[in-house]
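Engineer: The structure under discussion is supplied below as structure tokens; questions concerning it will follow.
The values are calculated or read from the model by the stated rules, or taken from the named source; none is laboratory data. Computed from a predicted model, the values in this text were never measured in an experiment. Glycine gets a Cβ as well: all are built from the backbone with ideal geometry, and neighbour counts include every protein chain shown. Calculation scope for accessible area: heavy atoms of the full protein, side chains included, ligands and nucleic acids excluded. Shrake-Rupley method; radii C 1.70, N 1.55, O 1.52, S 1.80 Å.
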Amino acid sequence: MIDRRGNPMQPDLSCFFHPESIAIIGVSRNSSKAGYGILKNVLWTFSRTEQIFPINPKAKEILGLKVYHSLMEVPENINLVICFVAPKSIPSLLKECHQKGVKGIIIESAGFAEAGKEGKAIQEEIGKLGKQLNIRIWGGNCMGTVTDELITTFEPITADMRRKGVVSIVGQSGYFSGAVILQLFTERYTGIRKAASIGNRIDIDECDLLQDFLKDEETKVAAFYLEGLKRPRKFLKLAKEFTQSKPLICLLGGQSEVGRSAALSHTSSTAHGSPQLLSDLLKQSKIIQATEFGDFFNIVEAFAKLPLPNGNRLAIVTITGAGGVIGADIAAKYNIKIPEFSESTTQKLQKLFPEWMPPKNPVDSWSAFEIHGLDEALRRIIPILCESNEIDMIC
Amino acid sequence: MIAAMQVAITFDPTVLHDMQKYRKPIITYIVGDNSIKSRWTSQIRSNGGVVYDDINTAVKILDLMASYSSTRET
């Protein structure tokens, strides 16, 4: 992004991830409304309670906090504004934000370019105003952020779900600030470092986030769901740098004609060009491509939890011979080797197996399980394999 | 591969947690009884492990990890 003096703006996202004060515009007294959910999450997670300023022209108090009738009524400067109000009211709100020293605004309401001509015109006006006033704009049509120190989404997230992790996620869909992170929290036990729903990307886009994750030492894995690349060259260049030290997983939506049309009405994203060309470009930047949501979860979980292998030598340990046969067949389709064990490793393993069953790779371990029990056999077989230096991974 | 069978096998999924000290990626795949499979899956995952429903996914993901690891080194 270029500032009003024509200089490239640095993607300093600290006002979004570590704000000093927050005003929430469009808070609601109705617990089923998004404006209530945002305030509830912010109140629960933001450590500076006295620096939370709910705004609603009709309410006096919500969730025990004093409600201000307008942003201008707040007695001090504000660092971050989160808003859930009608798009047409946002241009005048931005001018008030400028007067209150606001550095960034998260627009969670919808009805912008994805909704048609009128919304597109408002979106463009907001974009221009943001540049003029030096206010970074997140969204609109998004679900904000989730980190271990601040949740700005309206999605209900409970304490037992929250888990600090090493994965930072960007999604051009509310699904990625809601259901996806819940899945990673509760089902995969992966946890989250930062989750960002960026919606229509009026200003903040995937490049800003990737740059932020690159600098962030606690982000070990990045995962993106995108329906279009806003700045393809920049993204691929950043990705090349990023993947030198951390894995980057991408799930791209809008790869078919109908999918592209759906992406246009979802987040006003336009086509990436030829899907094959894009896929090749992502490959060149060493980006790992997921094919669908389940695949995305599987890949993210593995990279987040497991150490990287030093090579491609696999040991298959199975309870049945058929499992080993099929496993070996599948490995042959990939670039995976199933090496034979050395005499020394075979001898060590043999002590766990009956004489009539010489252990080989794949390791059909049923007879060892029968003698020692499953747990004990695994406790003894896996260390022999890991310490042998003959394999890099096990399944 | 672990087979989840009510009669034949007792298994403590936390045993795999102890193997994390060897710093090698270990992926488990479980076949068999759905209710046992579901319980073990949850236990393995909550102990920092990775488990899938099928060996094709397990091998594919290990291949992705090995490929990424090799390109990063060059």
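Engineer: Relative to the present Cα-Cα distance, how much length would full extension add between A:SER279 and A:ARG29 at 0.36 nm per residue of separation?
Structural biologist: Stretched out fully, the A:SER279 to A:ARG29 stretch lengthens by 85.3 nm.
Engineer: Report, as an integer, the average count of C-beta atoms from other chains found within 10 Å of each Cβ along A:51-64.
Structural biologist: Mean shielding count: 0.
Engineer: Just check chain A against the gyration tensor rule for me: Cα atoms, a ≥ b ≥ c as the square roots of the eigenvalues, rounded for a/c under 1.5, and otherwise prolate or oblate depending on whether a/b exceeds b/c.
Structural biologist: prolate
Engineer: Mean separation of Cα pairs under 8 Å and 6+ residues apart, divided by the residue count of region A:1-141: what relative contact order is that in percent?
Structural biologist: 22 percent
Engineer: Roughly how many whole Å is it from the C-alpha centroid of region A:209-244 to that of region B:52-74?
Structural biologist: Using only Cα atoms, the two centres lie 21 Å from each other.
Engineer: Which chymotrypsin sites (Phe, Trp or Tyr not before Pro) in region A:344-389 sit in a loop by DSSP (not H, G, I, E or B) and have at most 14 other Cβ atoms within 10 Å of their own Cβ?
Structural biologist: Passing both the DSSP loop test and the Cβ count: A:TRP356.
Engineer: Continuing with the same structure: Can you say what percent of the DSSP beta bridges in the protein assembly as shown, counting only those with both residues inside, are antiparallel? Round to 5.
Structural biologist: Beta bridges within the protein assembly as shown, antiparallel portion: roughly 15 percent.
Engineer: When all protein chains stay in place, what accessible area (Å², nearest 10, 1.4 Å probe) is found for A:GLU61?
Structural biologist: Answer for A:GLU61: close to 120 Å² accessible.
Engineer: Are there GluC sites (Glu not before Pro) in region A:318-371 that DSSP puts in a loop and that have at most 11 other Cβ atoms within 10 Å, and which ones?
Structural biologist: Hits after loop and neighbour filter: A:GLU340, A:GLU355.
Engineer: Sticking with this one: Protein chains only, probe 1.4 Å: how do A:HIS372, A:HIS18 rank by accessible area, largest first?
Structural biologist: Largest to smallest exposure gives the sequence A:HIS18, A:HIS372.
Engineer: To test your reading of the geometry: what angle, between 0 and 90 degrees and rounded to tens, separates the Cα axis of helix A:293-305 from the longest principal axis of chain A?
Structural biologist: 70 degrees
Engineer: Using only the alpha-carbon atoms, how far is helix A:34-45 inclined from the longest principal axis of chain A? Give it as 0 to 90 degrees, nearest 10.
Structural biologist: Here the helix axis deviates by roughly 60 degrees.
Engineer: Let me ask something additional. Summing -39500 (n - 2.57) over the DSSP H runs of n ≥ 4 in chain A and dividing by its residue number, what mean residue ellipticity at 222 nm do you reach, to the nearest 500 deg cm²/dmol?
Structural biologist: After summing the helix terms and dividing by residue count, I get -11000 deg cm²/dmol.
Engineer: Report A:ARG29's accessible area, 1.4 Å probe, all protein chains in place, as a number in Å² to the nearest 10.
Structural biologist: Surface open to solvent at A:ARG29 totals about 140 Å².
Engineer: For helix A:206-215, report the angle its Cα long axis makes with the longest principal axis of the Cα atoms of chain A; keep it between 0 and 90° and round to the nearest 10°.
Structural biologist: 60 degrees
Engineer: To continue, here is another question. Need one value for B:17-24: mean number of C-beta atoms belonging to other chains within 10 Å of its residues' C-beta atoms.
Structural biologist: 6
Engineer: Hey, another quick one. Over chain A, what relative contact order in percent results from Cα pairs under 8 Å that are six or more residues apart?
Structural biologist: 11 percent
Engineer: Please sort by residue number the trypsin sites (Lys or Arg not before Pro) in region A:352-395 whose DSSP state is loop and whose Cβ has at most 16 other Cβ atoms within 10 Å.
Structural biologist: A:LYS360
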